[in-house]
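J.: Starting off with a structure, shown below.
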Amino acid sequence: MTPKFEIEIWPDKQQLKKVFISIIVITVIAWACHLIGNIFWDEYSRTVTNLKGQTYQSGWPVTLYWWGIYIGIAGPVSFLLVLMMVDRKNPSLALSQNGLFINQQMIKKTIVEWSNIDHIEKNNKNGKIEIAFFFKDIEVIIKAQSGAKKAFLKENLKGGKPLICSNKLSVGNFDDLYTKATFYLQGNNH
């Protein structure tokens, strides 16, 4: 049974599609550079010996070849990371009287009680709305997560760093979310 939420913020499917297309285009360009470097390797590269007696390959095909490999491998890896971080079946953020539901970045399907939220900040710069949630005890959130995500999550939230949600990759009524979250937060902090 899915809990009933009052306000929900969802991933923006159009923006995610743009991110995926960008990753694919960059990866294809990288592999093309790798291929071009491989084709022109014999004509435009040379073997160089440095003062220590070490030999290495030099020339623009060598640079294209290796950068093409690095970026060509990083593209599919980043594509998979984005796919793993985005859940299109559940909201990124949602709130109810019981707490804040978080399902974004490294935090998956977790309800944080209002008593564990220290404060909330809202920034509106050039049409980009950001809401930052500051937590009192991040260990409660980290314990609710599984696997290797715990180490990354601990690093992301340590030292009082907030969890930030913006309208850049999410859609929903951020003003209502902020107003209602502030209302619930004030009700729990007597």
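Values quoted throughout were computed directly from the atomic coordinates according to the rules given, and no laboratory measurement underlies them. It should be emphasised that the depicted structure is a prediction, and the values quoted were computed from it without experimental measurement. Glycine gets a Cβ as well: all are built from the backbone with ideal geometry, and neighbour counts include every protein chain shown.
J.: Just to be sure I understand the model, the point goes 7 Å from the Cα along the line to the Cβ. What's the resulting Lys161 to Phe183 distance in nm?
T.: A separation of 3.3 nm, rounded to one decimal place.
J.: Counting only C-alpha contacts under 8 Å and six or more residues apart, can you give the relative contact order of the chain as a whole percent?
T.: Working: 269 pairs, mean separation 45.1, N = 190.
Value for the chain: 24 percent.
J.: While we're on this one: Before rounding to the nearest 500, sum -39500 (n - 2.57) across all DSSP H runs of length at least 4 in the chain and divide by the residue total; then give [θ] at 222 nm in deg cm²/dmol. Walk me through the numbers before you get to the answer.
T.: Details: 6 runs with 87 residues, N = 190.
Here the helix-only value at 222 nm equals -15000 deg cm²/dmol.
J.: What is the Cα centroid distance between segment 73-139 and segment 1-59, reported in whole angstrom?
T.: Comparing the Cα centres of segment 73-139 and segment 1-59, I get a distance of 27 Å.
J.: What spacing in nm lies between the two simple spin-label points modelled at Lys128 and Lys143, each 7 Å away from Cα in the Cβ direction?
T.: 3.6
J.: Okay, moving on. Cα-Cα over 20 Å: which of Lys13/Lys89; Lys122/Lys154; Lys4/Lys109?
T.: Result: Lys122/Lys154 exceed 20 Å.
J.: In whole percent, what relative contact order does segment 13-85 give with Cα contacts below 8 Å and a gap of six or more residues? Intermediate results must be reported in sequence, preceding the final value.
T.: Numbers: 77 pairs, mean separation 29.7, N = 73.
Once normalised by length, the contact order is 41 percent.
J.: Can you give me the angle between helix 174-188 and the longest principal axis of the chain, using Cα atoms only, in degrees from 0 to 90, rounded to the nearest 10?
T.: Once rounded, the angle reads 50 degrees.
J.: Give the calculated FRET efficiency between Thr49 and Ile21 to the nearest 0.05, with a Förster radius of 45 Å applied to their Cβ-Cβ distance. Intermediate results must be reported in sequence, preceding the final value.
T.: Numbers: r = 44 Å, r/R0 = 0.98.
Efficiency computed from Cβ-Cβ geometry: 0.50.
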